[in-house]
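Just below is one structure, and these are the notes that go with it.
The values are calculated or read from the model by the stated rules, or taken from the named source; none is laboratory data. These numbers come from a predicted model, not from an experiment. Using ideal geometry, Cβ is built from the backbone for each residue, glycine included, and neighbour counts are taken over all protein chains shown.
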Amino acid sequence: MRTIFIAILILSTPLVINSPMVVTAQHTLTFDGDRAYEFLQQQCDFGPRPPGSDNLSRCRAFMVDTLTSNGWTVSLQNFTYKSVACSNVIARYGTGNTTLILGAHYDTRPRADHDPAVANRSLPILGANDGGSGTAILLELSEALNTTIRSQVELVFFDAEDSGYINDWDWIVGSNYYVSQLSAEQIARTRAMVLLDMVGDSNLRLLRETTSTVGLQDLIWNIAKDLGHDDVFIDSAGGGVLDDHRPFLDAGIPAVDIIQHNPFPWYWHTLEDTPDKCSAESLGIVGRVVESFIYNVTQNPTDFPQVPDTLLSLIPWLIPPIALVVVVVWLRKRQ
Ligand SMILES: [Zn+2]
(Lines give C-alpha, C1' and ligand atoms only; values in the text may rest on other atoms or scores of the structure.)
Protein backbone atom coordinates (compact mmCIF):
# COMPACT_ATOMS: atom_id res chain seq x y z
CA MET A 1 0.00 0.00 0.00
CA ARG A 2 2.84 2.34 0.77
CA THR A 3 4.20 2.31 -2.77
CA ILE A 4 0.71 2.93 -4.04
CA PHE A 5 0.43 6.10 -2.00
CA ILE A 6 3.86 7.26 -3.08
CA ALA A 7 3.02 6.51 -6.71
CA ILE A 8 -0.18 8.52 -6.49
CA LEU A 9 1.63 11.32 -4.69
CA ILE A 10 4.39 11.50 -7.30
CA LEU A 11 1.97 11.28 -10.18
CA SER A 12 -0.14 14.04 -8.69
CA THR A 13 2.65 16.59 -8.32
CA PRO A 14 2.06 18.23 -11.74
CA LEU A 15 -0.92 19.92 -10.07
CA VAL A 16 1.27 23.01 -9.87
CA ILE A 17 1.49 23.11 -13.68
CA ASN A 18 -1.30 25.66 -13.95
CA SER A 19 0.24 28.25 -11.65
CA PRO A 20 2.47 30.47 -13.76
CA MET A 21 5.47 31.94 -12.07
CA VAL A 22 5.42 35.60 -11.14
CA VAL A 23 8.80 37.29 -10.97
CA THR A 24 9.41 38.48 -7.44
CA ALA A 25 12.19 40.95 -8.30
CA GLN A 26 10.61 44.37 -7.97
CA HIS A 27 10.65 46.97 -10.68
CA THR A 28 9.70 50.53 -10.09
CA LEU A 29 6.37 50.82 -11.86
CA THR A 30 6.07 54.26 -13.39
CA PHE A 31 2.61 54.12 -14.98
CA ASP A 32 0.74 57.29 -14.02
CA GLY A 33 -3.05 56.97 -13.70
CA ASP A 34 -3.55 60.75 -13.68
CA ARG A 35 -1.73 61.12 -16.99
CA ALA A 36 -3.75 58.20 -18.43
CA TYR A 37 -6.96 59.94 -17.35
CA GLU A 38 -5.81 63.07 -19.19
CA PHE A 39 -5.38 60.96 -22.33
CA LEU A 40 -8.93 59.67 -21.86
CA GLN A 41 -10.27 63.21 -21.47
CA GLN A 42 -8.29 64.46 -24.49
CA GLN A 43 -9.81 61.76 -26.73
CA CYS A 44 -13.31 62.71 -25.54
CA ASP A 45 -12.57 66.38 -26.26
CA PHE A 46 -12.69 65.44 -29.96
CA GLY A 47 -16.30 64.30 -29.48
CA PRO A 48 -17.77 60.95 -30.63
CA ARG A 49 -15.23 59.10 -32.81
CA PRO A 50 -16.96 56.61 -35.13
CA PRO A 51 -15.04 55.08 -38.09
CA GLY A 52 -14.51 57.46 -41.00
CA SER A 53 -15.38 60.58 -39.00
CA ASP A 54 -13.37 63.81 -38.85
CA ASN A 55 -13.35 63.50 -35.06
CA LEU A 56 -11.62 60.13 -35.33
CA SER A 57 -9.07 61.54 -37.82
CA ARG A 58 -8.24 64.38 -35.42
CA CYS A 59 -7.97 61.97 -32.51
CA ARG A 60 -5.71 59.71 -34.57
CA ALA A 61 -3.41 62.65 -35.35
CA PHE A 62 -3.23 63.43 -31.62
CA MET A 63 -2.35 59.78 -30.85
CA VAL A 64 0.34 59.72 -33.55
CA ASP A 65 1.83 62.97 -32.16
CA THR A 66 1.88 61.56 -28.62
CA LEU A 67 3.48 58.27 -29.65
CA THR A 68 6.03 59.95 -31.91
CA SER A 69 7.06 62.44 -29.24
CA ASN A 70 7.69 59.49 -26.91
CA GLY A 71 10.13 58.07 -29.46
CA TRP A 72 7.92 55.43 -31.08
CA THR A 73 7.83 54.79 -34.82
CA VAL A 74 4.22 54.97 -35.93
CA SER A 75 2.64 53.52 -39.04
CA LEU A 76 -0.95 53.70 -40.21
CA GLN A 77 -2.38 50.46 -41.54
CA ASN A 78 -5.06 51.73 -43.91
CA PHE A 79 -7.95 49.64 -45.18
CA THR A 80 -11.39 50.25 -46.59
CA TYR A 81 -14.50 48.61 -45.19
CA LYS A 82 -17.90 49.11 -46.83
CA SER A 83 -16.51 52.21 -48.59
CA VAL A 84 -15.29 53.77 -45.31
CA ALA A 85 -11.57 54.57 -44.99
CA CYS A 86 -10.21 53.06 -41.76
CA SER A 87 -6.76 52.95 -40.14
CA ASN A 88 -5.17 50.82 -37.47
CA VAL A 89 -2.39 52.72 -35.69
CA ILE A 90 0.75 50.66 -35.03
CA ALA A 91 3.60 51.89 -32.81
CA ARG A 92 7.02 50.24 -32.46
CA TYR A 93 10.19 51.24 -30.68
CA GLY A 94 13.54 50.60 -32.32
CA THR A 95 14.10 48.05 -35.04
CA GLY A 96 13.96 44.74 -33.14
CA ASN A 97 11.37 42.03 -33.61
CA THR A 98 8.52 42.52 -31.18
CA THR A 99 7.19 39.61 -29.14
CA LEU A 100 4.25 41.17 -27.30
CA ILE A 101 1.23 42.94 -28.75
CA LEU A 102 -0.81 45.31 -26.60
CA GLY A 103 -4.09 46.32 -28.21
CA ALA A 104 -7.11 48.56 -27.73
CA HIS A 105 -9.80 49.90 -30.05
CA TYR A 106 -9.87 53.67 -30.48
CA ASP A 107 -13.09 54.06 -32.47
CA THR A 108 -16.41 54.61 -30.73
CA ARG A 109 -19.90 53.24 -31.42
CA PRO A 110 -21.82 55.29 -34.02
CA ARG A 111 -25.13 54.83 -32.21
CA ALA A 112 -26.21 54.74 -28.57
CA ASP A 113 -28.49 51.80 -29.27
CA HIS A 114 -28.66 50.76 -25.60
CA ASP A 115 -29.72 54.20 -24.40
CA PRO A 116 -32.92 54.10 -22.31
CA ALA A 117 -34.18 57.20 -24.19
CA VAL A 118 -35.36 56.11 -27.64
CA ALA A 119 -34.56 59.58 -29.07
CA ASN A 120 -30.89 59.12 -28.16
CA ARG A 121 -30.43 55.79 -29.88
CA SER A 122 -29.52 57.25 -33.28
CA LEU A 123 -26.81 59.47 -31.75
CA PRO A 124 -23.10 58.52 -31.46
CA ILE A 125 -21.59 57.74 -28.05
CA LEU A 126 -18.64 59.62 -26.52
CA GLY A 127 -16.94 56.35 -25.57
CA ALA A 128 -14.92 57.54 -22.56
CA ASN A 129 -14.75 54.00 -21.22
CA ASP A 130 -15.63 52.05 -24.39
CA GLY A 131 -12.70 52.96 -26.62
CA GLY A 132 -11.19 55.81 -24.62
CA SER A 133 -9.94 53.88 -21.57
CA GLY A 134 -7.91 51.15 -23.30
CA THR A 135 -6.42 53.69 -25.70
CA ALA A 136 -5.52 55.99 -22.78
CA ILE A 137 -3.61 53.18 -21.05
CA LEU A 138 -1.63 52.34 -24.20
CA LEU A 139 -0.75 56.02 -24.70
CA GLU A 140 0.44 56.29 -21.10
CA LEU A 141 2.44 53.05 -21.46
CA SER A 142 4.17 54.61 -24.48
CA GLU A 143 5.64 57.08 -22.00
CA ALA A 144 5.92 54.93 -18.86
CA LEU A 145 7.57 51.80 -20.23
CA ASN A 146 11.28 51.49 -19.59
CA THR A 147 13.12 52.17 -22.86
CA THR A 148 15.09 48.90 -22.55
CA ILE A 149 11.96 46.75 -22.92
CA ARG A 150 9.97 48.92 -25.34
CA SER A 151 11.54 47.26 -28.36
CA GLN A 152 9.80 43.98 -27.46
CA VAL A 153 6.39 45.60 -27.45
CA GLU A 154 4.06 46.64 -30.25
CA LEU A 155 1.17 48.97 -29.43
CA VAL A 156 -1.80 48.53 -31.77
CA PHE A 157 -4.87 50.77 -31.82
CA PHE A 158 -7.69 49.14 -33.75
CA ASP A 159 -10.21 51.01 -35.85
CA ALA A 160 -13.74 49.75 -36.62
CA GLU A 161 -14.22 47.50 -33.59
CA ASP A 162 -17.50 48.82 -32.29
CA SER A 163 -19.97 49.25 -35.19
CA GLY A 164 -21.38 45.71 -35.14
CA TYR A 165 -25.01 45.33 -36.33
CA ILE A 166 -25.11 48.96 -37.53
CA ASN A 167 -25.54 49.30 -41.33
CA ASP A 168 -24.62 45.63 -41.69
CA TRP A 169 -21.18 46.16 -40.17
CA ASP A 170 -19.31 43.39 -38.43
CA TRP A 171 -17.61 43.75 -35.06
CA ILE A 172 -13.77 43.71 -34.72
CA VAL A 173 -13.09 44.70 -38.35
CA GLY A 174 -9.75 46.42 -37.63
CA SER A 175 -8.23 43.56 -35.63
CA ASN A 176 -9.38 41.04 -38.23
CA TYR A 177 -7.58 43.09 -40.88
CA TYR A 178 -4.47 43.46 -38.71
CA VAL A 179 -4.13 39.70 -38.12
CA SER A 180 -4.80 38.95 -41.80
CA GLN A 181 -1.67 40.96 -42.61
CA LEU A 182 0.64 39.12 -40.19
CA SER A 183 3.25 36.81 -41.73
CA ALA A 184 3.71 33.25 -40.43
CA GLU A 185 7.04 34.39 -38.98
CA GLN A 186 5.37 37.27 -37.08
CA ILE A 187 2.69 34.93 -35.72
CA ALA A 188 5.32 32.41 -34.60
CA ARG A 189 7.36 34.96 -32.67
CA THR A 190 4.41 36.72 -30.99
CA ARG A 191 4.25 35.28 -27.50
CA ALA A 192 1.14 37.06 -26.32
CA MET A 193 -1.53 39.59 -27.18
CA VAL A 194 -3.14 41.59 -24.38
CA LEU A 195 -6.32 43.54 -25.12
CA LEU A 196 -7.61 46.42 -22.98
CA ASP A 197 -11.27 47.32 -23.42
CA MET A 198 -13.55 49.10 -20.93
CA VAL A 199 -10.97 49.27 -18.17
CA GLY A 200 -11.65 52.76 -16.81
CA ASP A 201 -14.83 52.53 -14.71
CA SER A 202 -14.45 54.09 -11.27
CA ASN A 203 -15.95 50.91 -9.77
CA LEU A 204 -13.78 48.60 -11.82
CA ARG A 205 -14.55 44.87 -11.65
CA LEU A 206 -12.64 42.65 -14.04
CA LEU A 207 -13.83 39.06 -14.20
CA ARG A 208 -11.95 36.49 -16.26
CA GLU A 209 -13.14 36.60 -19.89
CA THR A 210 -13.71 32.96 -20.73
CA THR A 211 -12.41 32.72 -24.30
CA SER A 212 -8.99 34.13 -23.30
CA THR A 213 -5.88 31.94 -23.02
CA VAL A 214 -6.00 30.63 -19.46
CA GLY A 215 -2.26 30.38 -18.76
CA LEU A 216 -1.70 33.95 -19.87
CA GLN A 217 -4.72 35.16 -17.92
CA ASP A 218 -3.44 33.32 -14.79
CA LEU A 219 -0.15 35.19 -15.04
CA ILE A 220 -1.88 38.59 -15.24
CA TRP A 221 -4.38 37.84 -12.48
CA ASN A 222 -1.53 36.54 -10.25
CA ILE A 223 0.43 39.75 -10.82
CA ALA A 224 -2.65 41.79 -9.91
CA LYS A 225 -3.03 39.76 -6.72
CA ASP A 226 0.66 40.30 -5.88
CA LEU A 227 0.14 44.05 -6.32
CA GLY A 228 -2.89 43.94 -3.99
CA HIS A 229 -5.52 44.41 -6.69
CA ASP A 230 -7.49 41.17 -6.39
CA ASP A 231 -10.53 43.31 -5.59
CA VAL A 232 -10.33 44.63 -9.18
CA PHE A 233 -8.93 41.60 -11.02
CA ILE A 234 -11.48 39.20 -9.56
CA ASP A 235 -10.62 35.54 -9.66
CA SER A 236 -13.86 34.21 -11.09
CA ALA A 237 -15.19 33.48 -14.54
CA GLY A 238 -17.31 36.08 -16.32
CA GLY A 239 -18.40 35.19 -19.83
CA GLY A 240 -17.11 35.10 -23.38
CA VAL A 241 -16.85 38.39 -25.28
CA LEU A 242 -16.42 38.79 -29.04
CA ASP A 243 -13.58 41.29 -29.04
CA ASP A 244 -10.30 42.22 -30.74
CA HIS A 245 -8.41 39.31 -29.13
CA ARG A 246 -10.50 36.82 -31.16
CA PRO A 247 -8.54 36.97 -34.45
CA PHE A 248 -5.28 36.46 -32.50
CA LEU A 249 -6.66 33.35 -30.79
CA ASP A 250 -7.82 32.04 -34.16
CA ALA A 251 -4.28 32.55 -35.50
CA GLY A 252 -2.86 30.51 -32.60
CA ILE A 253 -1.48 33.44 -30.60
CA PRO A 254 -2.11 33.33 -26.82
CA ALA A 255 -4.43 36.26 -26.10
CA VAL A 256 -6.32 37.74 -23.18
CA ASP A 257 -9.12 40.29 -23.05
CA ILE A 258 -9.05 42.53 -19.97
CA ILE A 259 -12.57 43.91 -19.97
CA GLN A 260 -15.33 44.81 -17.54
CA HIS A 261 -18.20 42.52 -18.51
CA ASN A 262 -20.91 40.29 -17.09
CA PRO A 263 -22.33 42.77 -16.63
CA PHE A 264 -20.99 45.56 -18.81
CA PRO A 265 -21.15 48.94 -17.05
CA TRP A 266 -24.75 50.21 -16.93
CA TYR A 267 -23.99 53.08 -19.39
CA TRP A 268 -22.50 50.76 -22.04
CA HIS A 269 -23.48 51.93 -25.56
CA THR A 270 -25.45 54.88 -24.18
CA LEU A 271 -24.82 58.64 -24.21
CA GLU A 272 -23.78 58.30 -20.55
CA ASP A 273 -20.40 56.75 -21.40
CA THR A 274 -18.62 59.96 -20.33
CA PRO A 275 -15.31 60.72 -18.51
CA ASP A 276 -17.00 61.25 -15.11
CA LYS A 277 -17.79 57.49 -15.01
CA CYS A 278 -14.06 56.71 -15.17
CA SER A 279 -11.22 57.32 -12.74
CA ALA A 280 -7.46 57.85 -12.78
CA GLU A 281 -7.22 55.27 -10.00
CA SER A 282 -8.77 52.49 -12.11
CA LEU A 283 -6.62 53.34 -15.13
CA GLY A 284 -3.57 53.37 -12.84
CA ILE A 285 -4.31 49.92 -11.42
CA VAL A 286 -4.73 48.31 -14.84
CA GLY A 287 -1.76 50.20 -16.27
CA ARG A 288 0.59 49.09 -13.50
CA VAL A 289 -0.56 45.47 -13.71
CA VAL A 290 0.11 45.50 -17.46
CA GLU A 291 3.46 47.26 -16.96
CA SER A 292 4.48 44.60 -14.43
CA PHE A 293 3.26 41.86 -16.77
CA ILE A 294 5.50 43.24 -19.54
CA TYR A 295 8.53 43.07 -17.21
CA ASN A 296 7.64 39.50 -16.28
CA VAL A 297 7.21 38.24 -19.82
CA THR A 298 10.21 40.00 -21.34
CA GLN A 299 12.48 38.58 -18.62
CA ASN A 300 11.07 35.03 -18.47
CA PRO A 301 10.87 33.30 -21.83
CA THR A 302 8.83 30.36 -20.49
CA ASP A 303 6.62 31.80 -17.84
CA PHE A 304 3.21 30.78 -19.13
CA PRO A 305 1.89 27.64 -20.79
CA GLN A 306 2.31 27.60 -24.56
CA VAL A 307 0.30 24.44 -25.27
CA PRO A 308 -3.47 24.57 -25.80
CA ASP A 309 -5.14 25.43 -22.53
CA THR A 310 -7.94 22.92 -22.56
CA LEU A 311 -5.47 20.05 -22.85
CA LEU A 312 -3.14 21.52 -20.24
CA SER A 313 -5.84 22.25 -17.71
CA LEU A 314 -7.13 18.68 -18.01
CA ILE A 315 -3.77 17.06 -17.21
CA PRO A 316 -3.80 17.63 -13.41
CA TRP A 317 -7.33 16.28 -13.16
CA LEU A 318 -6.65 13.23 -15.30
CA ILE A 319 -3.54 12.06 -13.45
CA PRO A 320 -5.12 10.85 -10.15
CA PRO A 321 -7.86 8.70 -11.81
CA ILE A 322 -5.36 7.28 -14.30
CA ALA A 323 -2.98 6.48 -11.43
CA LEU A 324 -5.82 4.81 -9.58
CA VAL A 325 -6.75 2.67 -12.59
CA VAL A 326 -3.12 1.64 -13.07
CA VAL A 327 -2.84 0.65 -9.42
CA VAL A 328 -6.11 -1.31 -9.44
CA VAL A 329 -5.11 -3.19 -12.61
CA TRP A 330 -1.70 -3.92 -11.12
CA LEU A 331 -3.25 -5.20 -7.87
CA ARG A 332 -5.68 -7.45 -9.77
CA LYS A 333 -2.86 -8.90 -11.84
CA ARG A 334 -1.00 -9.78 -8.65
CA GLN A 335 -3.96 -11.71 -7.26
ZN1 LIG B 1 -18.53 48.94 -27.42
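For this structure, a couple of remarks:
- Residue that is surrounded by the fewest Cβ atoms within 10 Å (Cβ to Cβ), among those in region 154-193 that are among the aliphatic types (A, V, I, L, M) and within 16 Å of the ligand (Cβ to nearest atom): Ile166
- Residue within region 84-102 that is buried (at least 16 other Cβ atoms within 10 Å of the Cβ) and among the small types (Gly, Ala, Ser) present: yes
Residues are listed down the side, and each one gets a yes or a no for (1) of a type in the set (Asp, Glu); (2) under 21 Å from Gly103 (Cα atoms); (3) modelled with pLDDT of 90 or more:
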site: Val290; (1), (2), (3): no, yes, yes
site: Gln306; (1), (2), (3): no, yes, no
site: Leu331; (1), (2), (3): no, no, no
site: Arg334; (1), (2), (3): no, no, no
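- When residues in region 67-116 are screened for being of a type in the set (Gly, Ala, Ser) and either free of Cβ contacts under 8 Å to residues at least 12 places away in the same chain or not assigned by TED's automatic domain parsing to the domain that holds Leu139 (or both), 2 of them pass.
- Residue match in region 125-147 (condition: at pLDDT below 95 and on the phi < 0 side of the Ramachandran plot): yes
- Residue ranges of strands (runs of 3 or more DSSP E) in region 28-147 with at least 1 members within 16 Å of the ligand (Cβ to nearest atom) and small (Gly, Ala, Ser): 100-105
- Within the option set Leu219, Leu249, Leu196, Leu204, being of a type outside the set (Lys, Arg), surrounded by 15 or more Cβ atoms within 10 Å (Cβ to Cβ) and farther than 29 Å from His114 by Cβ holds for one residue only, Leu219.
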